[in-house]
Structure formats: structure tokens, C-alpha cells
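**Student:** Okay, here's the structure, questions in a sec.
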Amino acid sequence: QGFTLTELACPVCASPLFRKRNGELWCEKCRKKVVVVKEEEEVAKIKSAMALENLERTILAKIDELQRRMQEETDIDEMQKISTAISELLESLERIRRSKRI
């Protein structure tokens, strides 16, 4: 699927790493993306970026879940609660996306 075997090894399982077409490194055994860093400062930046990406995915999943609940809901009070929760999640999502641009 366009993967190239590299000389690098996974820091977790020591299996060979593959490079995807987009340049990302991938460990097939761990089934995860691997990031190689040169300096300690880069580690903090990458961990922060990965945490923001995970948080963004979680928020999007929650918005989707609430949207499905909203479609089925008939109680006005419950619809208001769901609407408020969606609005707050959207605000959080916007803050995350702004901080990713910095």
C-alpha cells in the first residue's frame, strides 16, 4: 500500500518501521504512528500536538453522539441541555484548533 521499509526500529517493540507515502513513520506490529525527534524540546511539542489531536477527535465524537441524541429527543428541556452541550463543545473545538495554529 505504498509503505517503504526503513532502517529505523520502533522504540516500543523494536520492529522495523515503515514510511508511508505522506512521510509518516508507522509500526505495523504496534499499529501506531511513530515520531522521531532530535531534541527534548521537540518531544514536548509533539506530545502537545498529539494530545490536542486526540482531544479534537474526542470532542468531534461527542458532538456526533449528541447530534444523534438530539434527532431522537422530543422533550424540550432535554433538547435545550443537548444544544447547550453542543455549543460548549464547539467552543472548545474552536479553541483547540486555534491553539494548534500557534
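**Student:** In what order do 6, 84 fall by count of nearby beta-carbon atoms within 10 Å, going from fewest to most?
**Tutor:** Details: 6 14, 84 10.
By the 10 Å Cβ count, ascending, the order reads 84, 6.
**Student:** Let me ask something additional. Output the 0 to 90 degree angle, nearest 10, between the alpha-carbon long axis of helix 76-101 and the longest principal axis computed from the alpha carbons of the chain.
**Tutor:** Roughly 30 degrees, rounded to the nearest 10.
**Student:** I would also like to ask the following. Please list log₁₀ I(q)/I(0) at q = 0.21, 0.23 Å⁻¹ for segment 40-101, using the Debye equation with identical point scatterers on the alpha-carbon positions.
**Tutor:** Each listed q corresponds, in turn, to -0.80, -0.89.
**Student:** Would you give the gap between the C-alpha center of segment 1-24 and the C-alpha center of segment 86-101, rounded to a whole Å?
**Tutor:** Cα centroid of segment 1-24 versus Cα centroid of segment 86-101: 32 Å apart.
**Student:** Which distance in nm do the two modelled labels at residue 61 and residue 32 give, with both placed 7 Å along the Cα-to-Cβ direction?
**Tutor:** 1.6
**Student:** Still on this structure, please answer the following. Give the Kirkwood hydrodynamic radius (Å, one decimal) of segment 1-75, defined as one over the mean of 1/r across all pairs of different Cα atoms. Present the calculation step by step, with values, prior to reporting the outcome.
**Tutor:** Values: mean 1/r = 0.0664 Å⁻¹.
About 15.1 Å, per the Kirkwood formula over Cα pairs.
**Student:** Per residue of the chain, what 222 nm ellipticity follows from adding -39500 (n - 2.57) for every DSSP H run with n ≥ 4, rounded to the nearest 500?
**Tutor:** Working: 2 runs with 59 residues, N = 102.
Calculated from helices alone, the mean residue ellipticity at 222 nm is -21000 deg cm²/dmol.
**Student:** Using label points projected 7 Å from each Cα along Cα→Cβ, tell me how many nm separate residue 52 and residue 71, to one decimal.
**Tutor:** Here the answer is 3.2 nm between the modelled labels.
**Student:** If you fit an axis through the alpha-carbon atoms of helix 40-72 and take the longest principal axis of the Cα set of the chain, what angle between them do you get, 0 to 90°, nearest 10?
**Tutor:** 30
**Student:** Say we join alpha carbon atoms closer than 10 Å with springs in a Gaussian network model of the chain; which of 42, 56, 73 then has the biggest fluctuation?
**Tutor:** 73
**Student:** Under 20 Å from a point 7 Å along the Cα-to-Cβ line of residue 24: which residues of segment 44-80 have their amide N that close?
**Tutor:** 44-62
We did not get these values from a lab; they are worked out from the coordinates using the rules stated. Small disclaimer: the values here were computed from a predicted structure and weren't measured. Methodologically, a virtual Cβ is constructed for each residue, glycine included, from the backbone with ideal geometry; neighbour enumeration extends over all protein chains shown.
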